[in-house]
Amino acid sequence: MLRMFIPIIDNVEIDRETRSVRKGGEQIHLTALEYGLLDYLSAHANRLCKRQELLDYIWGANFQYDTGTIDVHLHALRRKLGWTTKHPIEAVRGAGLILRIDRAITHYTINLQTFFARWLSSHEMELTSRSLVPQLNLTPFVKELTIESEALRRMLDGILESLLPFTHPGVLNITTRLTMRHFTLTLDINGIISELRIPVNTEN
């Protein structure tokens, strides 16, 4: 898997790669069940999550009956994060829970080194079958990128898919560079080049 998003909800950051949670930059220690509850709700933000699907995901499909289990862990989660009983997690009586997120203030950050290592790993069989050796030349002072990682993965998958039929044994060279206007990703396979330009947000 790629490194998952880090959504920022009411100053709370969820790092799905390390399964850690921070508020205002300070580490918040959650139990595995509390983290599972927050993780599922944030991954399905702004939609009703039924109690049974929460039980299936967090406790397992064999756990059939909610005898207040969810409420106990929800109470502890709210207390640790300083959230109220209505915001941002809303309990819908007899139905389930909704974690409400303002999409306008949601940010997605990926670690480039980790992202590319895992992206290349996901294509290892294709590259090996064509005797291609990947090389990374990442801009050293740009270690993280604010973008939806799944969208970036799809774009790179498309580029690789279009380049592979024309390749010969050699090197897949991935290079990044930053200008005032764009962050550019270049995939070069034995001189066959494709570029992906991502506009730089200059707003504060």
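The values are calculated or read from the model by the stated rules, or taken from the named source; none is laboratory data. The shown structure was predicted, so the numbers you read here are calculated from the model rather than taken from an experiment. Please note: Cβ atoms are built from the backbone with ideal geometry, for glycine as well, and neighbour counts cover all protein chains shown. Side chains included, ligands, DNA and RNA excluded: accessible areas come from the protein's heavy atoms. Shrake-Rupley method; radii C 1.70, N 1.55, O 1.52, S 1.80 Å.
For Asn190, list long-range residues whose amide hydrogen, built 1.01 Å from N in the peptide plane, is under 5 Å from its own amide hydrogen.
Hits under the 5 Å cutoff: Val171, Asn173.
Between the range 35-61 and the range 105-164, what's the alpha-carbon centroid distance in Å?
29
Round to the nearest 0.05 the FRET efficiency obtained for Asn190 and Asp71 when R0 = 35 Å and r is the Cβ-Cβ distance.
Approximately 0.05, to the nearest 0.05.
Of Thr139, Leu152, Val21, which is farthest along the charge dipole of the chain in the positive direction, counting Lys and Arg as +1 and Asp and Glu as -1 at C-beta?
Val21
Picking from Ile89, Ile159, Ile192, which is most flexible by a Gaussian network model of the chain using Cα springs under 10 Å?
Maximum among the listed residues: Ile192.
Using per-residue counts of other Cβ atoms within 10 Å, averaged over each peptide, order 44-53, 30-39 from highest down.
30-39, 44-53
Measuring with a 1.4 Å probe in the full set of protein chains, what accessible area per residue, in whole Å², belongs to the chain?
58
Given H placed 1.01 Å from N in the peptide plane, which residues other than close sequence neighbours of Arg16 have an amide H under 5 Å from its amide H?
Under 5 Å from the amide H of Arg16: Met4.
Given the -39500 (n - 2.57) contribution per DSSP H run of 4+ residues, what per-residue ellipticity at 222 nm results for the chain, rounded to the nearest 500 deg cm²/dmol?
-9500 deg cm²/dmol
Of the accessible area of the range 68-204, with the probe set at 1.4 angstrom, what percent is carbon plus sulfur?
Percent of accessible area from carbon and sulfur atoms in the range 68-204: 54.
In what sequence, highest mean first, do 128-136, 71-79 appear when ranked by Cβ atoms within 10 angstrom?
71-79, 128-136
Expressed as a fraction of 2.2 N^0.38 Å, the rule-of-thumb size for a compact globular protein of N residues, what is the C-alpha radius of gyration of the range 95-165?
Expressed relative to 2.2 N^0.38 Å, the Cα Rg reads 1.47.
When all alpha-carbon pairs of the chain are counted, what percent fall beyond 30 Å? Each step should come with its number before you reach the end.
Working: 7838 of 20706 pairs.
That tail contains 38 percent of the Cα-Cα pairs.
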